[in-house]
Amino acid sequence: MEIFKGTIQTKLPNTDTSIFAVMSALAAEHGAINLSQGFPDFPISEELIDLVYYYMRQGFNQYAPMPGVPALRRAISKMFQDKYGVLYNPDTEINITAGATQALFTAISAFIREGDEAIIFEPAYDCYAPAVKVNGGLVKYARLHFPDFSINWEEIPRMITHRTKLIIINSPQNPTGSVLKAKDLQMLEKLTSGTDIIVISDEVYEHLIFEGIEHQSACRFPELAKRTLVIGSFGKTFHATGWKTGFVLAPEKLMTEFRKVHQFTVFAVNTPVQHAIADFIGNKKNFEGLGAFYQQKRDLFVSALKSSRFKTLPAYGTYFQLLDYSAISNQNEMEFARWLVEKHKIAAIPIAPFYNNNDNHKVLRFCFAKNDETLVQAAAILAKI
Ligand code: PMP
Ligand code: GLN
């Protein structure tokens, strides 16, 4: 095809293809065990598949209502009420989205104007900053303290200006596996109280939390909840990342703005899948055991690495384990990740791309949402390096 000869002023300079796409492609090219991009390699529930099939056969194949199928919004409302004791109105305060990614993009677009500032904590999941920038906003990066990835709360008031529109938090956190404590949410609540700052709380790993730690949803802190959009994803919860079905909870005033943008981004989301999930989350056992399920996988992977030269960093949530390779190599994370996939056929994710300045801690992220055999096989290879 003829190339475009006009001038393009890119809205996202210095933006490459996402590291997830890059590493998954390298894994395929080298026939490697893919512990890079975060997705399970085991099947999803047969019952859930049957439910989707059932609803398709029943004729639920046309556009869903713009905010989402009412039964699913009611089921999410009940799940949050049962779990956190907080009531979101299914009609006015809940919206179904095409995955958490769309929820995040829409939420950021609904509130960020030219020149507005958003504070994000790095290493940060990769889709926050570009969404802010595309909308003309400015990102201010607060570094999490290495190696425990805690928030340095003293630094945050100094970062807030009259232009601060958003603060984006993520717990359990991707890529680090760290979790926020109640006192973190209380700090944020205090700091934002009486301001116009809006908080986006990315909680896609809310059920994937270990060692009996309680997930501190932003919705549990009443003053904070008033200014917060809580974002979730069924991809994570039901091992179905390819279904791209997520949701947003927010007080009506924020939801009204969210929906103004949502209706022109996707309008509505996959209908039979929404009906199926509505039925499926009606049964608590379908999500309540997830923490224990993934903790067993984390422990299996970590214990199989005991004798290795990789050092494990603590992981309290998500399905990612960070490994420090500083005893093995001086290469930077990208070089080491490439070497690992080419030489040893194991794909992992460098965390440098999750930093604005490509900080290098000699740490890679490994996804343990895999069959036990895959984890044992991968750990055996890593233990020999
Ligand atoms: N936020 C975080 C922290 C994630 O890890 C992911 C993807 N795993 C998403 C958002 C996007 O979720 P989805 O696949 O539902 O778009
Ligand atoms: N969230 C997944 C991860 O962290 C990847 C999602 C994606 O490929 N964009 O690996």
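Taking a threshold of 22 Å on the Cα-Cα distance, which of the pairs 306/370; 140/253; 133/260; 311/343; 11/226; 83/260 fall above it? Display every interim value, and only then the final one.
Values: 306/370 19 Å; 140/253 26 Å; 133/260 20 Å; 311/343 20 Å; 11/226 32 Å; 83/260 29 Å.
Listed pairs above 22 Å: 140/253; 11/226; 83/260.
Give the percent of DSSP beta bridges with both residues in the stretch 71-206 that are antiparallel, rounded to the nearest 5.
5
If ligands, DNA and RNA are left out, what is the accessible area of residue 18 with a 1.4 Å probe, given in Å² to the nearest 10?
40
With r as the distance between the Cβ atoms of residue 186 and residue 303 and R0 = 41 Å, compute the FRET efficiency 1/(1 + (r/R0)^6) and round to 0.05.
FRET efficiency, residue 303 to residue 186: 0.70.
Round to the nearest 0.05 the FRET efficiency obtained for residue 339 and residue 283 when R0 = 35 Å and r is the Cβ-Cβ distance. Before the final figure, lay out each step's value.
Numbers: r = 45 Å, r/R0 = 1.30.
Efficiency at R0 = 35 Å is approximately 0.15.
Between 223, 93, 373, where does the largest GNM mean-square fluctuation fall for the chain, given springs only between Cα atoms within less than 10 Å?
Top of the fluctuation ranking is 373.
State to the nearest 20 debye the size of the charge dipole of the chain about its Cα centre, where the only charges are +1 on K and R beta carbons and -1 on D and E beta carbons. Don't skip to the answer; put the middle values down first.
Working: 39 positive and 39 negative charges, 40 e Å.
Using Cβ point charges on Lys, Arg, Asp and Glu, the chain gives about 180 debye.
Pull out the extension gain between residue 373 and residue 292, defined as 0.36 nm times the separation in residues minus the alpha carbon to alpha carbon distance; nm, one decimal. Could you put the intermediate results ahead of the total?
Details: separation 81, 0.36 × 81 = 29.16 nm, distance 1.80 nm.
Answer, rounded to one decimal: 27.4 nm.
Give me the one-decimal nm value for the distance between modelled label points at residue 21 and residue 163, 7 Å along each residue's Cα-to-Cβ direction.
Going from the residue 21 label point to the residue 163 one covers 2.9 nm.
What is the distance, in nm, between label points placed 7 Å from the Cα along the Cα-to-Cβ direction at residue 91 and at residue 153?
Label at residue 91, label at residue 153, 3.9 nm between them.
Counting helices only, and only those DSSP H runs with n ≥ 4, report the 222 nm mean residue ellipticity of the chain as the sum of -39,500 (n - 2.57) divided by its residues, in deg cm²/dmol to the nearest 500.
Working: 15 runs with 147 residues, N = 385.
Computed ellipticity for the chain at 222 nm equals -11000 deg cm²/dmol.
Report the one residue of 86, 124, 99 whose Cα lies farthest in the direction of the positive end of the charge dipole of the stretch 12-138 (charges on C-beta: Lys and Arg +1, Asp and Glu -1; origin at the Cα centre).
The Cα lying farthest towards the positive end belongs to 86.
What's the carbon and sulfur percent of the chain's accessible surface, probe 1.4 angstrom, rounded to a whole number? Spell out each step's value before the answer.
Details: 9090 of 17290 Å².
It is 53 percent, rounded to a whole number.
Using only Cα atoms, locate the centre of the stretch 145-162 and the centre of the stretch 174-210, then give the distance between them in Å, rounded to an integer.
For the stretch 145-162 versus the stretch 174-210, the Cα centre distance is 13 Å.
For residue 343, what accessible area in Å² do you get when you roll a 1.4 Å probe over the heavy atoms of the protein chains, rounding to the nearest 10?
130
How much length, in nm to one decimal, is gained on full extension between residue 214 and residue 9, taken as 0.36 nm per residue of separation minus their Cα-Cα distance?
Values: separation 205, 0.36 × 205 = 73.80 nm, distance 4.60 nm.
Value of the extension gain: 69.2 nm.
Report the FRET efficiency, 1/(1 + (r/R0)^6), for residue 81 and residue 28, where r is their Cβ-Cβ distance and R0 is 56 Å, rounded to 0.05. Kindly include the intermediate steps, with their values, before the conclusion.
Details: r = 43 Å, r/R0 = 0.77.
With a Förster radius of 56 Å, E is 0.85.
In Å², what does the accessible area per residue of the chain work out to with a 1.4 Å probe? Don't skip to the end; give the middle numbers.
Working: 17290 Å² over 385 residues.
It amounts to 45 Å² per residue over the chain.
Quick one: if you stick a label point 7 Å off each Cα along the C-beta vector at residue 383 and residue 266, how many nm between them?
Simple spin-label model gives 4.2 nm for this pair.
Which shape class, rounded, prolate or oblate, goes with the chain when its Cα gyration tensor gives a ≥ b ≥ c as root eigenvalues, a/c under 1.5 marks rounded, and past that a/b bigger than b/c marks prolate?
Working: a/c = 1.40, a/b = 1.19, b/c = 1.18.
Cα axes put the chain in the rounded bin.
How much of residue 82 can a 1.4 Å solvent probe reach, expressed as accessible area in Å² and rounded to 10?
Near enough 80 Å² of accessible area.
On a full-extension model of 0.36 nm per residue, what is the gain between residue 46 and residue 114, subtracting their alpha-carbon distance, rounded to one decimal in nm? Walk me through the numbers before you get to the answer.
On the way: separation 68, 0.36 × 68 = 24.48 nm, distance 4.69 nm.
Going from the current span to full extension adds 19.8 nm.
Which of the aspartates and glutamates could a cross-linker bridge to residue 244, judged by Cα under 19 Å and excluding same-chain residues fewer than eight apart?
41, 46, 47, 50, 126, 202, 203, 206, 279
Given Cβ point charges of +1 (Lys, Arg) and -1 (Asp, Glu) and nothing else, what value in debye, to the nearest 20, does the dipole of the stretch 1-120 about its Cα centre take?
Details: 8 positive and 13 negative charges, 64 e Å.
So the magnitude is around 300 debye.
Among bridges DSSP assigns within the chain, what percent are antiparallel (round to 5)?
Working: 19 of 40 bridges.
Around 50 percent of the beta bridges assigned by DSSP in the chain are antiparallel ones.
The values are calculated or read from the model by the stated rules, or taken from the named source; none is laboratory data. As the structure is a prediction and not an experimental result, all values here were calculated from the model. Because the Cβ atoms are built from the backbone with ideal geometry, glycine has one as well, and the counts that use them run over all protein chains shown. Side chains are part of the model used for accessible areas, which takes the heavy atoms of the whole protein and leaves out ligands, DNA and RNA. Shrake-Rupley method; radii C 1.70, N 1.55, O 1.52, S 1.80 Å.
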